[in-house]
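Below: one structure, written as structure tokens.
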Amino acid sequence: MENLKQLKLENQICFPLYVIAKEITGLYRPFLDELDITYSQYLVMMVLWENDGLTVSHIGDKLFLDSGTLTPLLKRLEAKGFIVRKRKKEDERVVEAFLTEVGKQLQQKACEIPKKIQQKIGIEPEDLIQLKDTIQKILSKIEK
């Protein structure tokens, strides 16, 4: 019977993580709608704002996404004029993503989003940092 308690939803670590991820992502929606991007596209843009000109595989590694998931995201961002994709001259199998001027300008509009999210959540920055650090520790233990 003791083992059955382990299967209760309230005893699972995965469930509150799933719910908080879903809810926080939802908080981003109105701000990202103003930028005409989805949350997944926002993640890609943040990676490129930090390091422009990365290969698709490098972006995928940073975001834990496979190319089958990432390629459609990049195509949509390219269609919106935020990025361009180019094949490497040395190896045409390798595709790199670069920000356009419009994509670079989008960064300025996005700068206020983290502060707005923090205000919506209503939790102290130190608590968020501690939560992020704890999650990062867990991730580092389960990463492949």
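The values are calculated or read from the model by the stated rules, or taken from the named source; none is laboratory data. As the structure is a computational prediction, the values presented were derived from the model and not from experiment. Counting neighbours? That spans all protein chains shown, and the Cβs are built from the backbone with ideal geometry, glycine included.
Where in the stretch 1-59 are the helices (runs of 4 or more DSSP H), entirely inside, with at least 1 residues that are in contact with a helix residue (DSSP H, G or I) (Cβ under 7 Å, 6 or more places away or on another chain) and more than 27 Å from Ile83 (Cα to Cα)? Steps first, please.
Values: elements: 2-5, 14-35, 39-50.
By residue number, 2-5, 14-35.
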Ile59: hydrophobic (A, V, I, L, M, F, W, C) and at pLDDT below 95, yes or no? no
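For the stretch 8-36, how many residues meet the condition of being of a type in the set (A, V, I, L, M) and on the phi > 0 side of the Ramachandran plot?
In the first step, residues of the stretch 8-36 are kept if they are of a type in the set (A, V, I, L, M); the result is 9, 13, 17, 19-21, 24, 27, 32, 35.
With on the phi > 0 side of the Ramachandran plot added as a condition, the list becomes none.
Matching residues across the stretch 8-36 total 0.
Can you tell me which residue among Ile113, Ile123, Ile142 is over 17 Å from the mean Cα position of the chain (by Cα), of a type outside the set (Ser, Thr, Tyr) and surrounded by 11 or more Cβ atoms within 10 Å (Cβ to Cβ)?
Details: Ile113 fails: over 17 Å from the mean Cα position of the chain (by Cα); Ile142 fails: surrounded by 11 or more Cβ atoms within 10 Å (Cβ to Cβ).
Of Ile113, Ile123, Ile142, the one residue that is over 17 Å from the mean Cα position of the chain (by Cα), of a type outside the set (Ser, Thr, Tyr) and surrounded by 11 or more Cβ atoms within 10 Å (Cβ to Cβ) is Ile123.
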When the stretch 1-48 is checked residue by residue, the ones that are in contact with a Gly (Cβ under 9 Å, 6 or more places away or on another chain) and in contact (Cβ under 8 Å) with a residue 60 or more places away in the chain are Met45
*Would you confirm whether any residue within the stretch 25-33 is of a type outside the set (D, E, K, R), over 26 Å from Ile138 (Cα atoms) and exposed (fewer than 11 other Cβ atoms within 10 Å of the Cβ)?*
yes
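Being at pLDDT 95 or above, under 16 Å from the mean Cα position of the chain (by Cα), among the hydrophobic types (A, V, I, L, M, F, W, C) and closer than 30 Å to Ile121 by Cβ is the requirement here; does Leu32 meet it?
Numbers: at pLDDT 95 or above: yes; under 16 Å from the mean Cα position of the chain (by Cα): yes; among the hydrophobic types (A, V, I, L, M, F, W, C): yes; closer than 30 Å to Ile121 by Cβ: yes.
Considered against the rule, which asks whether it is at pLDDT 95 or above, under 16 Å from the mean Cα position of the chain (by Cα), among the hydrophobic types (A, V, I, L, M, F, W, C) and closer than 30 Å to Ile121 by Cβ, Leu32 comes out as yes.
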